[in-house]
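The values are calculated or read from the model by the stated rules, or taken from the named source; none is laboratory data. Keep in mind that this is a model prediction, so the values were computed, not measured. FYI the Cβ positions are ideal-geometry reconstructions off the backbone, even for glycines, and counts take in every protein chain you see. Ligands, DNA and RNA are stripped out before the accessible areas are found, and what is left, the full protein with its side chains, is counted by its heavy atoms. Shrake-Rupley method; radii C 1.70, N 1.55, O 1.52, S 1.80 Å.
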Amino acid sequence: MKAKDRELVALRARIAEISPTEAQRLQQQGAALIDVREADEIAQGSPPGALRLGRGFLELRVEDAIPDFDQPVVLMCNGGTRSLFAADSLARMGYSTLFSMIGGFSRWKAEGLPFEQPSQLDGLARQRYARHLSIPEVGEEGQAKLMASKVLLIGAGGLGCPAAFYLAAAGVGTLGFVDDDVVDRSNLQRQILHSEAKLGMPKVRSARQTVEALNPTVKVDTYETRLSSANVEAIFAGYDVVVDGSDNFPTRYLVNDACVKLGIPNVHGSVYRFEGQASVFWPGYAKRRGPCYRCLYPEPPPAEFAPSCMEAGVLGVLPGVIGLLEAVETLKLLLGVGDPLVGRLLCYDALKAEFRELELQPNSDCPYCAPGRAFPGYIDYEQFCHAG
């Protein structure tokens, strides 16, 4: 008997082998199914819900994907041999309940069990997003999600610029910009999508040029208009996430109300001199009910307590910090990973180099987001905020 054959006999004595039908049953009961084949093999099909970690990176990725060493794990390759060696490797790492699937994906497919063909990236995309592909929480499947996603940015200014720059770099498929302003020299201290050569250009057009230069695969939609009750739903339609980088209360309340009505997560950011804050307002979040913007601010503060950036000033780099936090939260929402800032307000003090977090509770009597409440309609936001 050859040495490899003797090794396989020894592995089969240590690792339990199960049929594809048994593997599917265990997966439905909570076991992790790991597909250890290479990307070109997985492109031909893979079981739904399988963790496609690849044999070459299995030991590097598995602990992030399966942190519980007692969770049952089924390993699958194309014919049933690589999965035995992979299971043996995981056993040495400390995983306690391991199975190898007999016959691999070939038998899974032959037995008529369901499979899907994951979205595949071309060679250029693989190069561009290589650092994403090596993260288990993203990988090819996650990158495909990002490339199919649509994010709307309210404002192409201090917050919208850094958020958009990194969302474009991450490969979000469609970015929309809503802004009716033009580039002014005073913007250039913080609004990094714009430049001296674009003075006087509509900000949405400037943003499009910069994003397309960074990542030409991103589709850029522009809305050179002021957001209003009359156009908000038409503009928001089809977007997965709204990133609010507006700098005035009428727009913030309008964005909130439209997001609540349409069920779209609202990634919020604001800045003032050396301080900033970020949160995610999404009362419809499945894991826990969070507040909307109105729960936090039922009424706008008096104008003297809420000066604009023009009036109060802002440290140029501060919108970059908060805008990047908005981008991070947006990517988490699109990927369905991590714990988003739903029900939490993250506050940053640049002078102290200090972050602190405040817990936010939904208002059970909120006229817009309380369960069972009918949407009360849009209001005259300018009058509402001026009266406040």
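With the requirement that a residue be of a type in the set (Ser, Thr, Tyr) and surrounded by 18 or more Cβ atoms within 10 Å (Cβ to Cβ), what does the stretch 175-195 give you? Talk me through it step by step, then tell me what you get.
Applying the first criterion (of a type in the set (Ser, Thr, Tyr)) to the stretch 175-195 yields 186, 195.
None - no residue of the stretch 175-195 is of a type in the set (Ser, Thr, Tyr) and surrounded by 18 or more Cβ atoms within 10 Å (Cβ to Cβ), so the list stays empty.
All of (1) in contact (Cβ under 8 Å) with a residue 12 or more places away in the chain; (2) more than 21 Å from residue 41 (Cβ to Cβ); (3) open to solvent by 10 Å² or more (accessible area, probe 1.4 Å) hold for residue 151 with one exception: (3). For the stretch 181-215, what are the residues that are basic (Lys, Arg) and either over 28 Å from the mean Cα position of the chain (by Cα) or closer than 15 Å to residue 168 by Cβ (or both)? Residues satisfying the conditions are 185, 198, 208. The residue list 207, 230 contains one member that is among the aliphatic types (A, V, I, L, M) and out of contact with any Phe, Trp or Tyr (no Cβ under 8 Å at 6 or more places or on another chain), which is 230. Checked against the criterion of being open to solvent by 50 Å² or more (accessible area, probe 1.4 Å), under 24 Å from residue 333 (Cβ atoms) and not aliphatic (A, V, I, L, M), the stretch 96-115 has no qualifying residue.
Which of the residues spanning the stretch 39-48 are outside any helix (DSSP H, G or I) and open to solvent by less than 40 Å² (accessible area, probe 1.4 Å)? Spell out how you get there, then give the answer.
First, pick out the residues of the stretch 39-48 that are outside any helix (DSSP H, G or I): 43-48.
Residues satisfying the conditions are 43, 45, 46, 47.
Do we find a residue being open to solvent by 80 Å² or more (accessible area, probe 1.4 Å), out of contact with any strand residue (DSSP E or B) (no Cβ under 7 Å at 6 or more places or on another chain) and not in a helix (DSSP H, G or I) anywhere in the stretch 22-29? Yes, the stretch 22-29 has at least one match. When the stretch 121-146 is examined, which residues are found to be open to solvent by 80 Å² or more (accessible area, probe 1.4 Å) and not acidic (Asp, Glu)? Answer for the stretch 121-146, where residues must be open to solvent by 80 Å² or more (accessible area, probe 1.4 Å) and not acidic (Asp, Glu): 124, 127, 128, 131, 145. Against the conditions (1) part of a helix (DSSP H, G or I); (2) under 25 Å from residue 5 (Cα atoms), residue 95 satisfies every one except (1).
If you scan the stretch 308-358, which residues turn out to be of a type in the set (Val, Ile, Thr), farther than 14 Å from residue 241 by Cα and open to solvent by less than 30 Å² (accessible area, probe 1.4 Å)? First the steps, then the outcome.
Start the filter on the stretch 308-358 by keeping residues that are of a type in the set (Val, Ile, Thr), which leaves 314, 317, 321-322, 328, 330, 337, 342.
Then keep just the ones that are farther than 14 Å from residue 241 by Cα; that gives 314, 317, 321-322, 337.
314, 322, listed by residue number.
Give the residue, chosen from 198, 219, that is surrounded by fewer than 20 Cβ atoms within 10 Å (Cβ to Cβ), at pLDDT 95 or above and under 14 Å from residue 151 (Cα atoms). Selected residue: 219, the only one of 198, 219 that is surrounded by fewer than 20 Cβ atoms within 10 Å (Cβ to Cβ), at pLDDT 95 or above and under 14 Å from residue 151 (Cα atoms). Which residue is surrounded by the fewest Cβ atoms within 10 Å (Cβ to Cβ), if the candidates are limited to the stretch 49-61 and must be in contact (Cβ under 8 Å) with a residue 40 or more places away in the chain and in contact with a helix residue (DSSP H, G or I) (Cβ under 9 Å, 6 or more places away or on another chain)? Among those residues, the one meeting the criterion is 61. Here residue 74 meets each of (1) part of a strand (DSSP E or B); (2) among the aliphatic types (A, V, I, L, M); (3) at pLDDT below 95 with one exception, condition (3).
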